[in-house]
Amino acid sequence: MTFPKYYSLRYIVWIFSSSIFLASLVFSKDKITEINETTKNYWSHLPLNAPPVPKVKNPEWVKNPIDAFILSKLNKNGLKPNEQASKSELARRAYLNLTGLAPTPDQVSKFVTDNSPDAWEKLINNLLDSPQYGEKWARHWLDVVRYAESNGFERDSNKPHIWRYRDWVIDAYNNDKPYDRFIMEQLAGDELEDVDHDSIIATGFFRLMQWDDEPVDRLQARYDVLDDIVRVTTEGFLGMTLGCARCHDSKVDPIKQKDYYSFMAFFNGVTNNDKGRGVVVDLNQVGDPKKREEQQKNRQDRITDLSNRIAAIEKIANVRFAKRDAKISEDLKNQPTSPDENVLVANHRKREQQWYYTTEKPSDDWSAVGFRPKEAKWKTGIAPFGGSVPNENSKTPWKSSDIWLQTSFQLTLIPKALKMQIYHDEDTEIYLNGQEIASLKGFVAKYIDVHLDQKALSALQTGRNVISVHVNNKGGGQFFDMSFEAADPKRVSVNIADLILDRGSEIFKEDQINTYRQFVNDLKKLKTPQTKGPLQAMVVKEFGTNAEQMHVHYRGNANVKGDPVEPGFPPILGGTKPQIPAPKPGQKTTGRRTVLGNWITDPKNPRTSRVAVNRVWQNHFGKGICSTSSDFGYLGEEPTHPELLDWMATEFVEKGWSVKELQRMIMLSNTYKMSSRSQEEALAKDPQNKLIWRFNMRRMSAEEIRDNILSVTGQLNLKMGGESFYSKLDEAVLATSSTKGGKWGNSSPEERNRRAVYIKIKRSLKDPMLTGFDFADTDAPCPQRFTTTVATQALNLLNSNFVNDKAAIFAKRLEEEVKGDITARIKRGLEIVTSKPANPKSLKIAEEMVKKLKSDHGLDDQAALQRFCLVALNMNEFIFVD
């Protein structure tokens, strides 16, 4: 027997050892392909029960039961857990693990200097509440369901509106949708009693696979699609490779070919895929109009109810904080009666603000109090002015090089202080009653605070005051918006909502704070503006209330029918016979998928919660307790800590199938907080870290690398949801498509700066920035990505147009932020990419590199700084989490 030379010795050993193991089982008294005492007692077939938490020698290390299970096994093997990682390491780990975005140096510093006993818990809670959390964790599930927005094969045509499914997954994680509901909506969201837009969108799950729009054998193609549904359902939710029994009885698990087709029968009513006509619906036209009207009323009632509950909690908090802290008491008393009370000129985030403006050079007195822009025939417009920039869009277009603006406000009293915020591109001069109070050069990529001195206060007057602005843009990307506020230095801005989230543990119990947080998140979701007009989505449909008879198909050939079969659950997982209820009046589906969903989400199902918990563990630690997270059968690996897996699975169900609660429990353990550094003794005994004596090192994923490059440049656009964007692909990449130009669109620069989860995923044409760093396979369920280290990755990061362009923008950011010599800019650059103070050794190396570039290669400071930024984006400290 020979192997290709690229197979590693470890892989060959694994093949032989697996073969010997399987042979021993196949020829044993009780065959593993039959249901018998051996297979019934296999770890993943056993009923789910919570094992007792083990007692350990050093209980002081145990923060929660997770630690007890881990420490018990380490003690038995003569090992000890690693020391805790530093606070700066933990901050970076938590931010990247939960949001996929590295923290800023300021965010790390805030956590490091917070010495409160609940500092770590507060950080975790804040990150779990971050909208970016859903964008990060949705991607894990999208891998499992092989999410893509095209059909594959030669034409690789689009799947219209399928991006709504991606957004549904993101929202599901952000809203902590209970996992059992998460399953039900995907499998049978259109059949639920409380069906809504979200539950119908979730059924896009059935339209994600490859689809051949011109098959040679249409019947066989239909069964290929049904096979795809069976595989993703059983592997994704049950960790079961039922697809292995399509052509014959499984050779390694107690699964018969009849079991496979019985399971497929649950989906036999699902209509065929097509190019959109039969699988795209207008959600606003789905269901009973009276019921939709009732749902809208219930939504408004829920908004009112949540608002009242939140107000009641905040009222209690006001009283309790006032009793605890005299300063907070005074601050709360001094709060404005209205959020807009002190706003003199508003930016668009506060309220709508009208300005007079012109793009033609005005008379010299344009900034004076007596100048009347209306008489000078200036236009009126609503701020912001310009085009689209990171995170913002203008309301009044401005494309010329210059714009002059004016607005006014009234004062009855002169305030004791002023505050100004501005987002400008580029050079901006601001006048108050004819006196220049600010001059800003270059551009910024977000709203910034501008310090105003006594000169600005002196320019104020009672009655009418005039703000005049001139913006000059040289390089494109025009944008302007600002706010101007009266600020009493004695009146400290205290936001009671922020106070509850930051210091709530002083006055409330943990479950009360969590309830408040949930109320706030629910209200935010309900207040999201609803789409007007057609709301189209690609969803599941069925032929009607009756499905065709399903048969076994010999050798998997759709044209060779065998015995008829009825819908059935895999016998090894219980074997109860499903009861399909009779159709209700008005029902348009078989109802089979609801029956299947109820069985999968039954707390007694031995697989569902184990598989779910294992996936969460895998995505925190890099490897699951069972390392084959979509195969809990005999071909998979046995779990390293089966008791811990069962304990967490039972806790998961008992706590309402809450993924966030599970993650909170994992991250609060000392196991999660261990350092990733090596121990000589442990490395010798357990080189693969199966016993979990340290935290596994991890390189950023493809999406994380791209997103964090954009983040350090200041260009990352955090716009959420909506249609996918087309990243910029080189002509050489487009030439690889099976169709001319790859049918690839052209998105605006602002759209291309969004997070990678929103990139258009076309099966035949993927962004090399993603594929080069082990992006998921979209043709089959991807339970876990490979992590490779190959030369092309270094070439990509050093030579690609994307990284070089962003390095130049990063350098420009450093020039804007740091008004000093190049050494100060290098120091700041290292701080940004590593999320911590610059390492003196790294700083010295970078300084020597820049010096050499200037002396030996004749580069000026700007060019040398750009080269440094390119190197910084290639540093291991940037690319790796730990």
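The values are calculated or read from the model by the stated rules, or taken from the named source; none is laboratory data. Just so it is clear, the model here is predicted, and its values are computed rather than measured. Here Cβ is always computed from backbone atoms with ideal geometry, including for glycine, and neighbour counts include all displayed protein chains. Quick note on the areas: whole protein, heavy atoms, side chains included, nothing else; ligands and nucleic acids left out. Shrake-Rupley method; radii C 1.70, N 1.55, O 1.52, S 1.80 Å.
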ask   = To the nearest 10 square angstrom, how much accessible area does E681 have with a 1.4 angstrom probe?
value = 110
ask   = Where nothing but the Cβ of Lys and Arg (+1) and of Asp and Glu (-1) is charged, how large is the charge dipole of region 393-552 around its Cα centre, in debye to the nearest 20?
value = 340
key: Solvent exposure of region 670-765 as accessible area per residue, Å², 1.4 Å probe   = 42
ask   = How about region 492-594: which GluC sites (Glu not before Pro) there lie in a loop by DSSP and see at most 12 other Cβ atoms within 10 Å?
value = E548
inquiry  = Accessible area of region 585-737 with a 1.4 Å probe: how many percent of it is carbon plus sulfur?
reply    = 51
key: region 186-291: GluC sites (Glu not before Pro) in DSSP loop, at most 10 other beta carbons within 10 Å   = E193
inquiry  = Using the Cα centre of region 77-164 as origin and beta-carbon charges of +1 (Lys, Arg) and -1 (Asp, Glu), tell me which of A119, Q107, Q84 is placed farthest towards the positive end of the dipole.
reply    = Q84
request  = Could you tell me the distance between the Cα centroids of region 67-113 and region 646-705, to the nearest Å?
outcome  = 9
ask   = Label 7 Å along Cα→Cβ of E877; region 838-864 residues with amide nitrogen under 13 Å?
value = 838-847
message = I'd like the trypsin sites (Lys or Arg not before Pro) in region 111-170 restricted to DSSP loop residues with at most 16 other Cβ atoms within 10 Å, sorted by number.
response = R155
message = Per residue, how much accessible surface does region 191-252 expose to a 1.4 Å probe? Answer in Å², no decimals.
response = 35
query = Roughly what would the spin-label model give for V112 and T380, points 7 Å off Cα along C-beta, in nm?
reply = 5.3
request  = Just subtract the alpha-carbon distance of L526 and N746 from 0.36 nm times their residue separation and send over the number in nm, one decimal.
outcome  = 75.9 nm
note = Carbon plus sulfur, as percent of the 1.4 Å-probe accessible area of region 399-512, comes to 48
Per-residue ³J(HN,Hα) for region 348-359, Karplus 6.51 cos²θ - 1.76 cosθ + 1.60, θ = phi - 60°, Hz, x for Gly and Pro = 5, 6, 8, 5, 6, 10, 9, 10, 8, 8, 8, 10
ask   = Which FRET efficiency value, to the nearest 0.05, is calculated for K55 and E548 with the Förster distance at 51 angstrom and r the Cβ-Cβ distance?
value = 0.30
ask   = Of the beta bridges DSSP finds with both residues in the chain, what % are antiparallel, to the nearest 5?
value = 95
request  = Mind pulling the angle between the C-alpha long axis of helix 702-713 and the longest principal axis of the chain? Nearest 10 degrees, somewhere in 0 to 90.
outcome  = 10
Separation in nanometres of the label points that stand 7 Å from Cα toward Cβ, at R155 and H857 = 5.0
ask   = With the other protein chains left in place, how much accessible area per residue, in square angstrom, belongs to region 522-651 at a 1.4 angstrom probe?
value = 45
message = Suppose a student asked you for the relative contact order of region 404-557, using Cα pairs under 8 Å spaced at least 6 residues apart; what percent would you report?
response = 27
task = Give me the distance between the Cα centres of region 181-205 and region 727-774, rounded to whole Å.
result = 30
ask   = Highest mean first, what order results for 573-586, 852-865 on Cβ atoms within 10 Å?
value = 852-865, 573-586
inquiry  = Report the gain in length on full extension from F409 to N175: 0.36 nm times residue separation, minus Cα-Cα distance, nm rounded to one decimal.
reply    = 80.1 nm
note = Straight-line reach check, K852, cutoff 27 Å on alpha carbons, 8 or more apart in-chain or any other chain, hits among lysines -> K806, K812, K819, K827, K836, K841, K844
message = If I model a spin label as a point 7 Å beyond the Cα along the Cα-Cβ vector, how far apart are those points for E638 and A735 in nm?
response = 5.5
query = For the peptides 365-378, 68-81, what is the packing order when you average, over each peptide's residues, the other Cβ atoms within 10 Å and list the highest mean first?
reply = 68-81, 365-378
note = Treating only Lys and Arg (+1) and Asp and Glu (-1) as charged, each at its beta carbon, one finds that the chain has a dipole about its Cα centre, in Debye to the nearest 20, of 480
request  = Using just the helices of the chain, give the 222 nm mean residue ellipticity in deg cm²/dmol: DSSP H runs with n ≥ 4 each add -39,500 (n - 2.57), and the total is spread over all residues, rounded to 500.
outcome  = -12500 deg cm²/dmol
task = Scan around F880 for amide H atoms under 5 Å from its own, H built in the peptide plane at 1.01 Å from N, and keep only partners 5 or more places away or cross-chain.
result = M700
request  = Normalising by the residue count of the chain, find the relative contact order in percent from Cα pairs under 8 Å and 6+ residues apart.
outcome  = 19
remark   = In the structure shown, of K541/K743; K561/K760; K660/K760, the pairs separated by more than 31 angstrom at the C-alpha atoms are K561/K760
message = I'd like the carbon and sulfur percentage of the solvent accessible area for region 36-175, probe radius 1.4 Å, heavy atoms only, ligands and nucleic acids excluded.
response = 52
key: Span from the region 576-609 Cα centroid across to the region 391-446 one, whole angstrom   = 60
task = List the relative contact order of region 725-802 as a percent without decimals, with contacts defined as Cα pairs under 8 Å and 6+ residues apart.
result = 27
